[in-house]
Amino acid sequence: MTRAPEFQDLDDLLLVSRYLNGRHPWLDPAGQVPYAHVLYAAAVSGRPPVAVVSRLATLGYADVQHSGSPWPGSVGIEDAALVKREGPDKYRRQWIDVGEPVSLHEIVETAGHAKRSPADVAARLTALGYRLGGSGPLPGTPNPRDVMLLRTARGGQGGWLGWGDEVSAAHVLEVAAYLDCSPLTAAARLAALGLRLPYTPQRDDERILTFATTYRAHYPGRYSSAPVGHVLAVARETGRSPADIVARLKVLGVGRPDGSVPDAPEDGDLVILSEELDGCQPWLVKNTVVGLQLRHILRAALATGRSPAGITARLTELGHWLHENAKLPEAADEADIRLLETVDRSYLDGVHLEHVLRSAGLTGRSPADVAARLTALGYTLPDEVEYPETRGVLAAS
């Protein structure tokens, strides 16, 4: 532990206290006084930096770090605050070290805490005698989220990207998802911070990366795949080929589509690939566990006038699949659709008595009728139950 100073002058105690508060811990007279400590002490005390250095020497602190450039004539508290670290490691590394070039992440961290632009912070640090670790213009607008753009991992973990580093398309998608913004917005800010992008943004990229729009736009994450319906819809809207859209998605960091994208889409493809059968998003997403919902096939058959078998065949060509236990009826029936709307079991699950009774109550059909129809559609009813022929009385109106 460093021995307490023998002098009692409050101004002097302020200068030699490590946190410039006139209290323990104290600077070590045998150690080097950081350059930034002098700047901040000058701002707090209202003295020129050279006067602070002179007084420190008088008090026995002769080894003072220097930038190699003349000391600034005066330092205001707003500028001095730029050399003081903030955040979780501020007690381990209190100051930005003038002996090392200032990194890009130090600039954006400082800019975020100071609510100033990276360009302003870089200019002021240079004026205070610091050397920057890179060159090139920086954004002239503040953005407290810049620091997360430079993290190589989310949640405050990982390393840092620096000037001139090339970022991956996956990184752009990941930080955009983390910051809940458009990947192109994240890409533009990364470029403004001096990073190199793996692609040149194009006019259609925003539409290509907008997978859905509800109350806001929804973009893909790092491990997302594009629904086939999305690819076909964007191709139609932009006048580009589906293959071109798939290729551009790959450049932008999005994984392969979740199905087979046809070179020449058929009439009705967008309808049967849309969840609401209106040819618009939200799009049908490939289920790799239980396959297509039989209810969707029957609804699509009614909407297009095609047979359930024809709908199933086309969706299979587009990369979807129907579970082997499913039994397709020859024709779609509204009664089957209403029944299936009450079933929350997949073809991997057994349909038990409580499920049959619930469906019977919601549809107004007898439990025996419900059990027989679900069996005919391929569901497994493992219970040895004699289902009553009486209709339910809680049918939905």
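Computed quantities for the displayed model
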{"read-out": "Residue match in region 96-108 (condition: touching a Leu at 6+ places or on another chain (Cβ under 9 Å), open to solvent by 50 Å² or more (accessible area, probe 1.4 Å) and of a type outside the set (A, V, I, L, M))", "value": "yes"}
{"read-out": "Hits in region 160-192 - residues which are farther than 21 Å from E206 by Cβ and open to solvent by less than 30 Å² (accessible area, probe 1.4 Å)", "value": "L161, G162"}
{"read-out": "Exclusive hit being under 21 Å from the mean Cα position of the chain (by Cα) and closer than 27 Å to R299 by Cα, set T214, T200, T185", "value": "T214"}
{"read-out": "Checklist (1) out of contact with any Gly (no Cβ under 7 Å at 6 or more places or on another chain); (2) open to solvent by 20 Å² or more (accessible area, probe 1.4 Å) applied to L149, failing item", "value": "(2)"}
{"read-out": "Search result, residues across region 127-145 that are part of a loop (DSSP other than H, G, I, E, B) and in contact with a strand residue (DSSP E or B) (Cβ under 8 Å, 6 or more places away or on another chain)", "value": "Y130, R131, G133"}
{"read-out": "Close pairs (8 angstrom Cβ cut-off, 6 or more residues apart or separate chains): without any contact (Cβ under 8 Å) to a residue 40 or more places away in the chain and open to solvent by 60 Å² or more (accessible area, probe 1.4 Å) in region 365-388, in a loop (DSSP other than H, G, I, E, B) and among the acidic types (D, E) anywhere", "value": "D369/E389"}
{"read-out": "Positions within region 32-90 being acidic (D, E) and outside any helix (DSSP H, G or I), in sequence order", "value": "D63, E86, D89"}
{"read-out": "Lone unmet requirement of (1) out of contact with any helix residue (DSSP H, G or I) (no Cβ under 7 Å at 6 or more places or on another chain); (2) open to solvent by 40 Å² or more (accessible area, probe 1.4 Å); (3) modelled with pLDDT of 95 or more for H296", "value": "(2)"}
{"read-out": "Number of positions in region 40-60 that are open to solvent by less than 20 Å² (accessible area, probe 1.4 Å) and either over 23 Å from G73 (Cβ atoms) or touching a Lys or Arg at 6+ places or on another chain (Cβ under 9 Å) (or both)", "value": "1"}
{"read-out": "Filter pass, A119 being among the small types (G, A, S) and touching a residue at least 24 places away in the same chain (Cβ under 8 Å)", "value": "no"}
{"read-out": "Qualifying residue in region 295-317 (condition: within 30 Å of the chain's Cα centre (by Cα) and on the phi < 0 side of the Ramachandran plot)", "value": "no"}
{"read-out": "Extreme residue, nearest to Y130 (Cα to Cα), among residues of region 21-38 that are out of contact with any Lys or Arg (no Cβ under 9 Å at 6 or more places or on another chain) and crowded, with 18+ Cβ neighbours inside 10 Å", "value": "Y35"}
{"read-out": "Residue list for region 345-361, filter: open to solvent by 20 Å² or more (accessible area, probe 1.4 Å), closer than 21 Å to R299 by Cβ and in contact with a helix residue (DSSP H, G or I) (Cβ under 8 Å, 6 or more places away or on another chain)", "value": "R345"}
{"read-out": "Selection within region 314-340 - exposed (fewer than 15 other Cβ atoms within 10 Å of the Cβ) and without any contact (Cβ under 8 Å) to a residue 40 or more places away in the chain", "value": "E324, E330, A331, E334, A335"}
{"read-out": "Considering residues of region 236-261 that are of a type outside the set (V, I, T), part of a helix (DSSP H, G or I) and touching a residue at least 24 places away in the same chain (Cβ under 8 Å) only, the residue farthest from K286 (Cα to Cα)", "value": "E237"}
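Condition check ((1) open to solvent by 10 Å² or more (accessible area, probe 1.4 Å); (2) closer than 25 Å to V167 by Cα; (3) out of contact with any Cys (no Cβ under 7 Å at 6 or more places or on another chain)) across all residues:
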residue: P201; (1), (2), (3): yes, yes, yes
residue: T214; (1), (2), (3): yes, no, yes
residue: V231; (1), (2), (3): no, no, yes
residue: V261; (1), (2), (3): yes, no, yes
residue: D267; (1), (2), (3): yes, no, yes
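The values are calculated or read from the model by the stated rules, or taken from the named source; none is laboratory data. Just so we're clear, the structure is a prediction, and the values are computed from it rather than from any experiment. Using ideal geometry, Cβ is built from the backbone for each residue, glycine included, and neighbour counts are taken over all protein chains shown. Surface accessibility is based on the protein's heavy atoms, side chains included, excluding ligands, DNA and RNA. Shrake-Rupley method; radii C 1.70, N 1.55, O 1.52, S 1.80 Å.
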